[in-house]
Structure formats: C-alpha cells, structure tokens
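Report on the structure given below.
The values are calculated or read from the model by the stated rules, or taken from the named source; none is laboratory data. Since the model is a prediction, treat every value here as computed from it, not as a measurement. No Cβ is skipped: glycine too gets one built from the backbone with ideal geometry, and neighbour counts run over all protein chains shown.
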Amino acid sequence: MKGPVPASSARTPLPSRVPGVLGNTSLERFDAVIIGAGAGGSAAARVLTVVGGKTVLILEHGPNYFLGLDDPAPDQPRPLFSNDELKLTIRGFVEQDPLLEPRTFRESDATPAQFHPDVNTLPKTVGGGAVEADMKYPRFNRVDFRLASALEEKGVRYEGAAFADWPVSYDELEPYYTEAERLSGVQGLAGSDPYASPRASAYPMPPGLSMYVAEVLSSGARALGYHPFPYPGAQNSRFYRGRPPCNDCGFCSGYGCPNNSKGSPAVTTLREALLTGRCQLRYNAHVTRLLHDGQGSVTGVEYVDDRGQAQHATGDVFLLAASAVESARLCLLSDLGNESGLVGRFLMFHAQNIGVGIYRQRLHGERGRSVTHGISDLRGVCPGGDEIDPSMPLGGIVEFGTNSGAIAGAQAAVQAYELARLQNIPELTLWRLIRANVFQAHIAVTIQQGEDAPYFDNRVDLDPQLKDVFGQPVPRITYRPGALERAARQFYGPRLVELHRAAGAEYGFLAPLDRPPQSRHVLGTLRMGDDPRSSVCNRWQRFHSVENLYAVDGSVFVTSSGYNPTLTIIALALRAAAHLVSPSSPERVLGRD
Amino acid sequence: MPAVPRKAAEKARGISRRQVLRWGILGGSLALIPLSVPGCGDDGEAVVPERGRELAAFLGDDELATLRAVIETVLPIDGNTTRLYDGIERYIQRLLSDVPSMDHPGAIFAGGPFSNRNPFPDVEHGKASDVFPRNDFEHFVPLTRLQLLGWRARLLGSETVDEFDFNASVLGPVVGLRNQYRSGLQALDELGHATFARSFSSLGADERQVVIQRANPDFVALVIGHAIEALFSVPEYGGNPGGLGWQFIGYDGDSQPLGYAIFDRSSNSYRERSDKPTSTADPNETFSPFPAEIANLLRLLTRLAGSPRFP
C-alpha cells in the first residue's frame, strides 16, 4: 500500500501580537482612514504620521506576509516571500482569487462581458502591487504633464483620444520625485538616459550589476543608434536605510523580496508610519462601502474582517488607495463622487508591445533583477523630455527582459509542442523540448511600455451579473486599443524585433496582443483636473464633490505616459498628503525623518 | 440567460490565472495555445484532515497505477527517471490529499524566506559563507479565511463549501480537482477496457497512446500541467526530488540567501560569482546551434507568429 502521504504539521506563528492588526493596536480615533496599503496609501500614511503627527488607520484587503513589520528593532524581520515559482506566480500567494473575486472583460459595449480569471488584477497584500513588482521606478517626462498642449502645438491628433494637461507640472512634482526616490531607495545613473527630464539630484544609489541579457540587448541597441541606460529601480545596491543590498537572486518580477532589498512600500514608507505609534494597520479587511451624509462628506467605511464579520471605521479624512479599478469601483458601489459621470472612465493600461528573440546561448535570466537596462529612444519624445517628437507616434520605454521561471518556460514548451505535433516535426519529443529549455534559458524580450491614450469608452463599471464573495457586483472592464495604440504597434513592432536581430538572436518575432491586456499598470478612472465637469479629483487629489475624500493611487492619472507608473504614484501621494498636512507650504514636509 | 455559455465558463474557471504568463516579462509571447482544464462530475466528497493525524491518501493504489501510466504516456522522459516520475506522483497525491483547513495549512504555500540549499553571503569579504539557513520552505503558511474558501473549493468542489453559491447560477459550480482526477482516471480505465479489454495501466505503450488520443483532452492537459509544476517547483511540494528536475534543464532553482551578486563591504561594491556570472556568458558557454528538431520547431513558431519576424 502506497501512502498515505506525509503531511506538514508545522505551522508558522501568527503574524502579530493582535491577529490582523499591525502598529499601535490601542488607537481608536483616527484623523485619516486610508483604504489600501500599497505604494500610494503607504506614502500618504508616512507623511501624515511621521511629519504631520496625525493618527491614521489603514485598511488592507489582503494578508500580511511581513511578520513583525511594526517591530522597531533595526534589523527588519524577513518576510514569508521566497524563491518559489509555484507559490508566487502559479498559486497566487499575493493575488486575489478569481473564484472569489472574479472580473469580467469586453472590448466594447456591443459585446457581452465575459468572466476571465485575470483582468489586470494587482496583488492584494500588505505593500500592494509593488511587493510583487521588480520595482522599475523611472520618472515621467516633463512633457507628459502638458501632453494635450504639446500634441496640439505639433498638430498631432489621435482619433477619439481624450488627452488633457495635468493640473500639476513636472517642475512642481520634481521635489516629490526626489523624496519618493529617497524613501524607496532607487538606484540609477543620472544623465544616462538622454530623454529623461532634468533632475535636481543624483539617484540615492548607483546601479548594481548588469544582467547578461541586458548587455546582449544593449549591444544590439547601440548598433542601431539607440542609447541604452541602467534602468532606475528600487532595489538596494548598497546598505540603505537599514536594508541590505540586493543579491540579484533572480526572483524579482512576480516575487516578493525575501531579504527586504527591494524598496517595497511595506518595508519603507509603511514601516516608518507604523513605527510612529500613530498608525494602525488592519489587514484581511475588505472595505465594502463608503458611508456618506448625502451632503458631500464621507462619514465612515464598512468593511468585512478576516472572520467574515461586518465592521465599521471612521475618521475625519478618507483616502482611496485601492488601485484604479478598485478605488473607482468603491465609489460606484457607494454611489459617491460621480457628479461628473466620469468615475471609472479613461481607464488606461500601457500598450505593451513585446518583441521576442531566441538566442543560441543561455542568457541566464534567473540571475539578476529581471530588468537592468532599457532604452527611451522609442518613447516618442525629444531628448530632454520637454517636447513630443512628431516624427513618430507616442511610444514608451523599452525594457530588456527575459524569463526567470523554469515552470513558465516548461509550460511554454508544452504549448509549443502542441503546435509542433500538428506539423509532425520528426525526432521532437515533449521531453526533448523541455530539456532544451528554450523558453527559459534562450529567450529575451523587448517590452515597450507604450503610452495608452485615455478614451471615454475604456472604463471600469459594475458587472450586472457576477458577484464577489462579499455579495457585491464585480468590476467589469471595457477596453480596446484605439488610434494611437494601433499606430504605435505598426510603427514600433518592427523596431522591437529588429533590436533582437542586431543583438545576435537566431529567431525573432512580435508577440501577439493579449486580450485582455496583461499590463499591471492600471491607471485613470478618477482623473484629476481643475474643472469639475471634466475631472473627478482636483489638483490636490481631493474629490471635487466630496470635501473629505482623496484618491492617492494610479486612478488620478490624466495620461499614462510611457514609463512605469509606481514612482509617480508615490510622488503624487506624497504631495497630496503634504498638502493635507501643510496646505500653505506642502514642500516643508520633504526630506524629513 | 447567462452572459457566458456554461461550458466555456466552467473551463475558464478552471484555468489557473497564472497559466497565462504574467507581468509582461513574456506576456502573450508564450501564450500560444490557451491551456484549459475540465469540468466533470462532482460527488461532493469532503475529507478534512484533523490536526496531528496523518492524512489519508486520496488516490488509491489502482488510481495511482493508472496515474503513473498516464504520466509515462503523455510525458515520456528519456533515461533512468524513476525518481522524477515518483516525484510527479507524490506531488499530485499530496495536492489532492493534504487539504487545508482552519487549523491546517495544507500543502498550498511553502514557507519562506529561505530553504537550506544555499549559504548566506559573507558580505565582509564578498564571498559565500559556510553558514546555511534552516529550511523555512518545509513550514507551510496558514491560509487566510478567503484563501481557505478558494482552495477548498478548488480541491473539493464549490458545492462542498459554504458561502460558495454566489455565482453558481451564472458560471456553474467549481468542479474540484479531486473529482477531476477521480473521474478522469476512471474514464481512462473504462476507455482501456472498451478498446483493449484491459485497464489502462496494463496496456502496452502503443495501446496507451491509442487510448490517450481518445481521452478527454482537458484531463490530459491537467495532468501535464501538474507534471510540469512537480518537475520544476521547489522540492518541498513533493516533486523534483533533490532538485533533479532543475538539473535536467541546467537551472539552479532557489538561490537565496546567497544570490548571484555578492556584496563586499570592504570595497563597497559587488563581486560576481566566477562560476555563475551575472553580467557575462557562462565560462563554458558554447554558443552551439540548436539541434535540428528544435530549430525546426523554432522556425515553425516564428512563421506562425506572423510578421515582423526573422529569419
């Protein structure tokens, strides 16, 4: 008789002294309630508590894997993340479960929305989406914040695109970018990207080691006249603010960092807020509704705790930081803030075009930080980043990437083998293909984070049929590429493939478009602006129609730019919170510990 | 009237979201064929392990024999690979048997941060130390209430889980993996009897191929998918004994806490590992061409991908 199989009986200790709560557990009255412990919510919490002396309650939907995050000992305890592909990228350790919280997708109003297991979901966990990201933290260009004007000046139009200027300029945001880089710990080399806008100071840390795949692709890029540069990233390359240097373990994009080298919001801004004694974080706490008085004021929030019990919390000010999709959904579920009719509208991802190259040599993408280099030559702006370049469509930064995952590589081999079987390729067996490890060891990708224009019809609203486990309507995503994205794919696709040829690849092709898009850059839906008729939030990210409600995540973005958005989310959240703390001189909060 | 046809919805619910590759690193480039897994019957059986007691193995001896025969048929591995097959079998049996409950983590999420396979770095001297961490991977992480709901439905079927009827009228029930395996293996045996008057595991290799060709392709895909997970996941889940799967593809597996870039505090800079460099090709890299059958496949993939492309 085989089996019974042995079972693990070992248990991990409970994550905190009071289950489900971190920080000062005795606090009962709060100046501010923040919904979401990701990049934006944590940055705002840090300013409010450390500099502003306010008391803050953070409600986080997901679990906490940073045991002892509120322990003031100088060496932070290591979290429960690990170099475990199955746990993180297959079984969804930090993800919402599509069985419990499904989403639906459609390309237009003309077709019914269908359930899909993954419509641009971001991790729900303490630390938010950045926990699982590889922390690529570039800034936007100066021209991004006045994009509508810049396009008009050059006579460039994209049919249907609702571009607008931001109510904040790059120069106003620059000190907050500097602060965001300081708090997160960003490595990079000032002056190495000719398209970057001016910066007032050097990066906090120099670049770490290059990945081999980045060196290979950079040589191809240089042969084509491009300007590869070390990608700015929030991974320590030195001992920095109590955290160790990254050791390039290879499990970066898609994985939490096991040794806190990543400047994840949890171990940077959030931890600093928790250590003030003025912050309380309740995790596994799913907010279901914002309560309001019907007069433009939020009075409290309802949430469900980890035991499934309905709970209530209140404060003076409320900050939404649950991601562009979930923050907008919460407004719609609460029937709040939508006087403009624009809540959920102008949803943007990035137009990700991906060139694939297959190389003879092993590129060992499992050593490094997932992406260490890229180019801005295909961004569609002039050097210096002040103007658009009308000779090409708006595009985006190109990341030089690869695949670190053995399971992912073998899964791809299974799919490729299915195709091969139909063609009867002699001598090819599935095992031989898996052993060759083509799709893990020999593959490189050029990923363009292309500008995704805001279109009125691209949006999130409430699905009329499906419910989540809490009994509430789930997000329905309506999205399709428009005039800009089609033009950009046409223009840049061949260039993304050509780069592989120049780098010595044996084979190259353009990956088909994902539907729904697989981008994790989720933006728009609560657009900021000065006119309440054409925007949801004002220049300080407060709702035009709700006096004590703010949005401090990617939802306020007016345009998507062509760069990874997290650093900009943090900079904006720092600025909004600084204005809350010090309306007359918000910049006085900067640089303070 | 459901917006989604029932069968399509059932299939979609079974897809692990992560089978669609994520994070743009490979994006759609590798999602050439959508993987799907089946929705079959549901007998509603729920076996919950009690804490401190050994778990009952879900698949019985006959089922295991059939499963082994299926794996050997759909994934013929060259050479002496008994240990690899044992690992795949152990991985699937454990997934189906070790069901998480309120006071038992099951075998869903191995712990962290480190296994004991790599040493700590010696950052004072920029080299590997001889100190190894304890193996945290062996201590599985307890599930939250929501994770428990989802995983019990995924393993046992949604009809056995309270609070799980909220979309059943639109999407239908979630068919548990246990029932997918039980009914899938039983169907193969019945097909073996119908075709060759013998159980699947007692058939010869060619006969097994005939039966597999007629079997439910969703079940075959499910088994292959789990076999891949078993071969290349960290060994603590039961497959990949001693990292043998990784060795076959020249992959290191988990690298923490040493990693590949070793910081040297004395020079305040990084040192690369000479045996496994980060920024250059491996010292023994040959740049040799792909074997003919692999090259043929890559030409086919390139052609199917459409333009722009090369060669």
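The table for this structure:
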item	result
Members of region B:190-210 that are crowded, with 16+ Cβ neighbours inside 10 Å and either at pLDDT below 95 or within 24 Å of the chain's Cα centre (by Cα) (or both)	B:F200, B:S201, B:R208
Residue satisfying all of: in region B:123-140; in contact (Cβ under 8 Å) with a residue 24 or more places away in the chain and more than 22 Å from the chain's Cα centre (by Cα); surrounded by the fewest Cβ atoms within 10 Å (Cβ to Cβ) among these	B:E124
Subset of region A:377-407 (residues that are of a type outside the set (S, T, Y), in contact with an Asp or Glu (Cβ under 7 Å, 6 or more places away or on another chain) and closer than 30 Å to B:N240 by Cα)	A:G405, A:A406, A:I407
Odd one out for B:S307 among (1) more than 8 Å from every other protein chain (Cβ to nearest Cβ); (2) of a type in the set (S, T, N, Q); (3) assigned to a loop (DSSP other than H, G, I, E, B)	(1)
Number of the exception - A:A150 against (1) within 14 Å of chain B (Cβ to nearest Cβ); (2) part of a helix (DSSP H, G or I); (3) over 26 Å from A:H579 (Cα atoms)	(1)
Region A:63-94, residues that are surrounded by fewer than 23 Cβ atoms within 10 Å (Cβ to Cβ), more than 7 Å from every other protein chain (Cβ to nearest Cβ) and under 30 Å from A:E366 (Cα atoms)	A:L67, A:G68, A:D75, A:Q76, A:P77
B:A227 in a helix (DSSP H, G or I), farther than 23 Å from B:F132 by Cβ and small (G, A, S)	yes
Boolean, A:D134 is over 30 Å from A:S82 (Cβ atoms), acidic (D, E), touching a residue at least 40 places away in the same chain (Cβ under 8 Å) and buried (at least 18 other Cβ atoms within 10 Å of the Cβ)	no
In region B:246-302, the residues that are of a type in the set (A, V, I, L, M, F, W, C), without any contact (Cβ under 8 Å) to a residue 24 or more places away in the chain and touching a strand residue (DSSP E or B) at 6+ places or on another chain (Cβ under 7 Å)	B:A261, B:L298
Listing of strands (runs of 3 or more DSSP E) fully contained in region A:335-421 that carry 1 or more residues being at the interface with another protein chain (Cβ under 9 Å from one of its Cβ atoms) and touching a residue at least 24 places away in the same chain (Cβ under 8 Å)	A:351-358, A:398-402
Top-ranked residue of region A:422-454 - restricted to ones that are without any contact (Cβ under 8 Å) to a residue 12 or more places away in the chain and more than 8 Å from every other protein chain (Cβ to nearest Cβ), ranked as nearest to B:A221 (Cα to Cα)	A:L422
Residue in region A:483-494 that is surrounded by 24 or more Cβ atoms within 10 Å (Cβ to Cβ), assigned to a strand (DSSP E or B), touching a residue at least 60 places away in the same chain (Cβ under 8 Å) and in contact with a strand residue (DSSP E or B) (Cβ under 8 Å, 6 or more places away or on another chain) present	no
Filtered residues of region A:306-315 (kept if of a type outside the set (V, I, T), at pLDDT 95 or above and part of a loop (DSSP other than H, G, I, E, B))	A:G315
Test: residue in region B:213-227 that is at pLDDT 95 or above and facing chain A (nearest Cβ under 8 Å)	yes
Answer residue from region A:511-531, given it is within 11 Å of chain B (Cβ to nearest Cβ) and in contact with a strand residue (DSSP E or B) (Cβ under 6 Å, 6 or more places away or on another chain) and is surrounded by the most Cβ atoms within 10 Å (Cβ to Cβ) among those	A:A511
Out of A:D118, A:D109, A:D144, A:D97, sole residue that is within 8 Å of chain B (Cβ to nearest Cβ) and modelled with pLDDT of 95 or more	A:D97
Lone qualifier among B:N284, B:N296 - being more than 7 Å from chain A (Cβ to nearest Cβ), of a type outside the set (D, E, K, R) and more than 17 Å from A:T402 (Cβ to Cβ)	B:N284
Members of region B:230-244 that are under 21 Å from B:Y181 (Cβ atoms) and assigned to a helix (DSSP H, G or I)	B:A230, B:L231, B:F232, B:Y237
Every residue from region A:217-246 that is surrounded by fewer than 24 Cβ atoms within 10 Å (Cβ to Cβ), within 13 Å of chain B (Cβ to nearest Cβ) and more than 14 Å from A:V398 (Cα to Cα)	A:S219, A:R238, A:F239, A:Y240, A:R243, A:P244
Residues (free of Cβ contacts under 8 Å to residues at least 24 places away in the same chain and farther than 30 Å from B:I228 by Cβ) located in region A:53-103	A:D71, A:A73, A:P77
Matching residues, region A:483-520, being hydrophobic (A, V, I, L, M, F, W, C) and touching a helix residue (DSSP H, G or I) at 6+ places or on another chain (Cβ under 7 Å)	A:L499, A:A502, A:A503, A:F509, A:L510, A:A511, A:L513
Subset tally (residues that are outside any loop (DSSP other than H, G, I, E, B), more than 7 Å from chain A (Cβ to nearest Cβ) and either closer than 30 Å to B:S266 by Cα or over 20 Å from the mean Cα position of the chain (by Cα) (or both)) for region B:141-166	3
Residue tally, condition assigned to a loop (DSSP other than H, G, I, E, B) and either among the aliphatic types (A, V, I, L, M) or more than 17 Å from the chain's Cα centre (by Cα) (or both), over region B:77-110	13
